[in-house]
Structure formats: structure tokens, C-alpha cells
Amino acid sequence: MPAYSTLGFSADPVLSTFIDVPRPELARLIFHELAHQEFFLAGDSTFNESFATAVEEEGVVRWLASQHDARLNEQYERQSACRRVFTDLVYGARQALAAAYEAGPDDAARLAAKQRVFAGLKASYVALRADPTSVLHDFPGYDGYFARELNNADLAAFATYTKRVSAFAKLLEEQGGDLARFYAAVRELASLPQPAREARLDQLQSRAGPPR
């Protein structure tokens with residue numbers, strides 16, 4: 001991760017990993033980490049990171065609207081398009097991996113299937129980078145991710161940040177876009193026992209569409 005939050009316990013550091021990123025990406029990062037200071041639920045990483053990702057997405061849209069800068073909007077739209085393609089690739093691999101594990105008759109078969117899934121994921125990315133019609137053609141931002149040896153933990157970590165984003169976006173919509181009401185609703189949601197909390201998130205997500 002290029003940055004982290006101390007949840008308000010101390011001043012969050014300014015790191016060399018993010019000072020040179022494009023302004024819309026820096027805005028996303030700041031909104032994400034500030035969201036953790038607004039609320040943090042101990043023991044539920046998916047809740048926390050999906051909440052912060054939803055806040056970051058809403059925050060950067062509002063920030064862009066305040067800038068009145070067509071260049072920044074264009075930059076953000078391009079980065080968002082690349083992110084959507086990357087998300088589709090990773091979610092597709094997650095689904096393929098789950099299906100392979102379910103169908104595998106033994107550990108050897110499941111391991112072979114896992115290797116095929118990850119090889120296919122990398123091959124799909126390479127093909128998109130080589131395709132002049134793809135938004136990823138001249139965008140090297142994910143090259144480092146695909147250059148290393150990927151494993152199940154990489155896919156799981158990605159899901160932590162994205163699995164419930166559409167549910168939180170729907171919750172914000174239900175609060176009329178009012179962030180103060182949204183944060184209060186998030187705290188109320190977090191106060192529920194985990195089974196009830198997950199059921200409520202499922203309900204929100206079913207009305208919002210698939211995770212992005």
C-alpha cells in the first residue's frame with residue numbers, strides 16, 4: 001500500500017510512495033485514509049476498507065467538481081476506466097479460482113487449476129497491454145502487480161477493499177448524499193451483531209448491483 005492511517009492516534013505521515021502520483025489519485029488516497037479516522041470497526045477489515053473506498057470515490061467526485069478543471073476530470077476518468085478493467089480481471093480470476101477449487105477432485109487437481117487461473121490472469125493482462133484499443137495499452141500502473149508471483153492472498157486482499165463498496169455507496173444514496181447522515185448510518189450498521197450486519201450489507205448490495 002502507498003499509504004496508511006494511524007486512525008488519528010498520531011499525525012499521518014507523508015510518504016515518498018505517494019507524493020508524485022497524479023492529483024486525482026492523491027485526492028483518492030487522502031480521502032481513503034481520512035475515512036479511517038472518521039470510523040473504524042475493530043476486527044472487520046472488509047467493512048473498514050470497503051467503507052473507506054466508498055468514501056474515497058465520493059470524495060474525489062466532489063473534489064473534482066470543486067476544481068472546475070477539465071484536464072483533471074479527463075485524467076480521473078481515464079484512471080477510473082483502467083481501474084474498472086483491472087477490477088474485472090481480478091474478480092474474474094477470483095470466480096474462476098473458486099469454481100476450480102469447488103470442482104477439483106483432489107489437492108493436485110486444485111493446484112493445477114490454480115496455476116492455470118493465475119497464468120490466464122497474467123496472459124489476459126499482457127494481451128490488454130498489447131491491444132492498442134484497450135485503455136490499459138499505454139497505462140503501466142498495474143505492471144508491477146502482474147510482474148510478481150501472484151497468489152490467493154493477492155486476490156483476497158483486493159476483495160477486502162472492494163467487496164462491499166457498492167453496499168456503502170447505496171447506503172450513502174439512501175442518506176441523500178449527506179455524509180454526516182451516512183457516517184451515522186455506518187456507525188449504526190457497525191453496532192449490529194456480525195450476522196445481522198452482513199445480512200444488511202447483502203441487502204444493500206443486492207439493490208446496488210455487483211461489487212466494483
Test: residue in region 180-194 that is under 30 Å from Pro22 (Cα atoms) and free of Cβ contacts under 8 Å to residues at least 40 places away in the same chain: yes
Can you tell which of Ala199, Ala127, Ala123 is within 24 Å of Ser50 (Cβ to Cβ) and among the small types (Gly, Ala, Ser)? Ala199
I'd like the residue in region 114-151 that is farther than 28 Å from Glu77 by Cβ and of a type in the set (A, V, I, L, M, F, W, C) and, out of all such residues, is surrounded by the most Cβ atoms within 10 Å (Cβ to Cβ). Val117
Enumerate the pairs (first residue in region 143-160 and in a helix (DSSP H, G or I); second residue anywhere and modelled with pLDDT under 90) with beta-carbon separation below 9 Å, excluding pairs fewer than 6 apart on the same chain, so at least 6 apart or on different chains. Ala159/Pro211
Single residue of region 182-196 satisfying the filter (surrounded by 15 or more Cβ atoms within 10 Å (Cβ to Cβ) and more than 14 Å from Ala42 (Cα to Cα)) that is farthest from the chain's Cα centre (by Cα): Ala185
Looking at (1) surrounded by fewer than 15 Cβ atoms within 10 Å (Cβ to Cβ); (2) of a type in the set (A, V, I, L, M); (3) assigned to a loop (DSSP other than H, G, I, E, B), which is the only condition Leu41 fails? (1)
For region 112-135, does any single residue satisfy the condition of being outside any helix (DSSP H, G or I), more than 24 Å from Thr46 (Cβ to Cβ) and within 23 Å of the chain's Cα centre (by Cα)? yes
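I need the full set of residues from region 95-141 which are touching a Leu at 6+ places or on another chain (Cβ under 9 Å) and closer than 20 Å to Ala153 by Cα, in order please. Explain how you work it out, then say what you get.
Step one: of region 95-141, the residues touching a Leu at 6+ places or on another chain (Cβ under 9 Å) are 96-97, 104, 113-114, 117-118, 121-122, 124-125, 128-129, 134-137.
Correct list: Ala96, Leu97, Gly104, Ala113, Lys114, Val117, Phe118, Leu121, Lys122, Ser124, Tyr125.
The values are calculated or read from the model by the stated rules, or taken from the named source; none is laboratory data. Everything numeric here is computed off the predicted structure, so don't read it as measured data. Reconstructed Cβ throughout: ideal geometry from the backbone, glycine too, with neighbour counts over all protein chains shown.
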